[in-house]
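The values are calculated or read from the model by the stated rules, or taken from the named source; none is laboratory data. Only a predicted model underlies this, so the values are computations on that prediction, with no experimental measurement involved. Here the Cβ is made from the backbone with ideal geometry for all residues, glycine too, and neighbour counts use every protein chain on show.
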């Protein structure tokens, strides 16, 4: 009962944080609604996963990606922190725990990339990070065995989709082709779908 109350409190806190974040940095109504919906969805899906699969930390990481999703509205330096959490989640899914030294190193690199503005603001670095994430997820899938193989296959698909969204936005900016709003919508929807797919996989 206490754990359920804690999760409910965290969900309400997440909704409150999201509303406060959108007030702190107002956008067009459609973008505000989408941004709020994605962050709340990540938190809710993460808490649901945590409740149903308590032995896994993947749900905790998924919820954490939702909380960090909103932090960028309060400080520009935190705009992309959710990427670090998502990279950690994709590298450790379905258990939510890193195993090999290489996974720890890649997760640390992911958090560093997400926290350093000069890295996230560099489109070439973003494309490189996207390629590296997909390669790491592919290697994890190839090493998978037994019951974890389907889950790691799901993580590979999610990593590929996330990497594609990152690389697409970066490539369009490098080519100065515009379409910033469409890229933002695509990115937000991809992140939401990844959250839903990973939650479904855990359940």
Out of the residues in the stretch 155-193 that are over 21 Å from residue 119 (Cβ atoms) and surrounded by 19 or more Cβ atoms within 10 Å (Cβ to Cβ), state the one that is farthest from the chain's Cα centre (by Cα). 156
Determine whether residue 172 is modelled with pLDDT under 95, within 25 Å of residue 30 (Cα to Cα) and assigned to a helix (DSSP H, G or I). yes
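Residue-wise test of (1) over 18 Å from residue 103 (Cβ atoms); (2) modelled with pLDDT under 90; (3) outside any helix (DSSP H, G or I).
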| residue | (1), (2), (3) |
| --- | --- |
| 127 | yes, no, no |
| 132 | no, no, no |
| 146 | yes, yes, yes |
| 163 | no, no, no |
Return yes or no: is residue 142 farther than 25 Å from residue 7 by Cβ, assigned to a helix (DSSP H, G or I), out of contact with any helix residue (DSSP H, G or I) (no Cβ under 8 Å at 6 or more places or on another chain) and at pLDDT below 95? yes
Condition (residue is under 15 Å from the mean Cα position of the chain (by Cα) and within 20 Å of residue 72 (Cα to Cα)) applied to the stretch 131-151: is it met by at least one residue? no
Can you name every one of the helices (runs of 4 or more DSSP H) wholly within the stretch 7-125 that holds 2 or more residues which are touching a residue at least 40 places away in the same chain (Cβ under 8 Å) and more than 29 Å from residue 180 (Cβ to Cβ)? 29-52, 58-71
